[in-house]
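Novice: I'd like to ask some things about the structure below.
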Amino acid sequence: MVLNSQTSTVPLMPWLIHKLAIGETEIMRDFLWTIAPPQGNFSWGLGTSIFCREFSDYNEDQLAFPGIFSDYEQAIATQAFGGRTLARTCEAWGLDKIDPTSNEPVHSDVPVLLMAGQFDSLTPPRWAQEVAATLTNSYLFEIEGYAHSPTFGGECPASMALRFFDDPSQPPDSSCLEALKIEFVVTD
């Protein structure tokens, strides 16, 4: 389960780990919503169309990730964006296989703004760094205390993006990032 996919739950991670360590597993019910985007902010059809395009060259068995908790992994594989469900959905849609060159790095001097949440486990900051390496006119910011999709998680990253869209020829004003500090919750 990817509980740190939502910025709002990142500060709670030490507290949650403590609760689980002392056997208070019922607390997980309150966090189940974090494995899925909040209602109204995401289209399952759009998400599936993106994932199907990206994974169209994989079969069902290749999208099931074996590990030490096989029952858990099998359950995850059959959820909405689990590997098995995704492979079956994509096969039903009948998409053509992806062009192998689409996985090659893009080289460009077009202005690009990259924002990575410090605690994003879905698209880690190192991936943004890899992308920025071949984009000569890119601006990369790792947003402290944030998880996935920083522009959806707060005013500072959203305002930076909007200003960049208004004038991509200028570096975004990142001064608001200085005020971002994460305070972890460690006790009740």
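The values are calculated or read from the model by the stated rules, or taken from the named source; none is laboratory data. Every value quoted in this text rests on a predicted model; they were computed, and no experiment measured them. Don't worry about glycine lacking a Cβ; one is built from the backbone with ideal geometry, like all the others, and counts go over all protein chains shown.
Novice: Identify all residues within region 149-183 that are closer than 27 Å to residue 15 by Cα and in contact with a strand residue (DSSP E or B) (Cβ under 6 Å, 6 or more places away or on another chain); write none if there are none.
Specialist: The answer is 150, 157.
Novice: Go through region 91-126 and give me each residue that's of a type in the set (Asp, Glu) and under 20 Å from the mean Cα position of the chain (by Cα).
Specialist: Listed by number, the list holds a single entry, 120.
Novice: How many of the residues making up region 174-188 are at pLDDT below 85 and not in a loop (DSSP other than H, G, I, E, B)?
Specialist: 0
Novice: Moving to a separate point now. Could you figure out which of (1) surrounded by 11 or more Cβ atoms within 10 Å (Cβ to Cβ); (2) closer than 26 Å to residue 50 by Cα isn't true of residue 174?
Specialist: The single condition residue 174 does not satisfy is (2).
Novice: Which residues, counting only those in region 137-158, are modelled with pLDDT of 85 or more and assigned to a loop (DSSP other than H, G, I, E, B)? Break it down into steps so the answer makes sense when it comes.
Specialist: Here is the first cut: in region 137-158, the ones modelled with pLDDT of 85 or more are 137-151, 155-158.
Within region 137-158, 137, 144, 145, 146, 147, 148, 149 qualify.
Novice: From the set of residues in region 32-55 that are of a type in the set (Ser, Thr, Tyr) and at pLDDT 70 or above, which is surrounded by the fewest Cβ atoms within 10 Å (Cβ to Cβ)?
Specialist: Restricting to residues being of a type in the set (Ser, Thr, Tyr) and at pLDDT 70 or above, the top hit is 43.
Novice: Being of a type in the set (Gly, Ala, Ser), in contact (Cβ under 8 Å) with a residue 40 or more places away in the chain, not assigned by TED's automatic domain parsing to the domain that holds residue 14 and not in a loop (DSSP other than H, G, I, E, B) narrows it down to one residue among 116, 128, 161; which is it?
Specialist: Exactly one of 116, 128, 161 is of a type in the set (Gly, Ala, Ser), in contact (Cβ under 8 Å) with a residue 40 or more places away in the chain, not assigned by TED's automatic domain parsing to the domain that holds residue 14 and not in a loop (DSSP other than H, G, I, E, B), namely 161.
Novice: Examine region 83-95 for a residue that is at pLDDT 70 or above, part of a loop (DSSP other than H, G, I, E, B) and surrounded by 10 or more Cβ atoms within 10 Å (Cβ to Cβ), and state whether such a residue exists.
Specialist: yes
Novice: Sticking with this structure for a sec: Can you tell me how many residues within region 112-144 are touching a helix residue (DSSP H, G or I) at 6+ places or on another chain (Cβ under 8 Å), closer than 24 Å to residue 178 by Cβ and not β-branched (Val, Ile, Thr)?
Specialist: 14
Novice: Tell me which residues, restricted to region 134-188, are more than 23 Å from the chain's Cα centre (by Cα) and of a type in the set (Ser, Thr, Tyr).
Specialist: Across region 134-188, the qualifying residues are 136, 169, 175, 187.
Novice: In addition: Looking at (1) closer than 25 Å to residue 13 by Cα; (2) modelled with pLDDT under 85, find the lone condition where residue 100 falls short.
Specialist: Failing condition for residue 100: (1).
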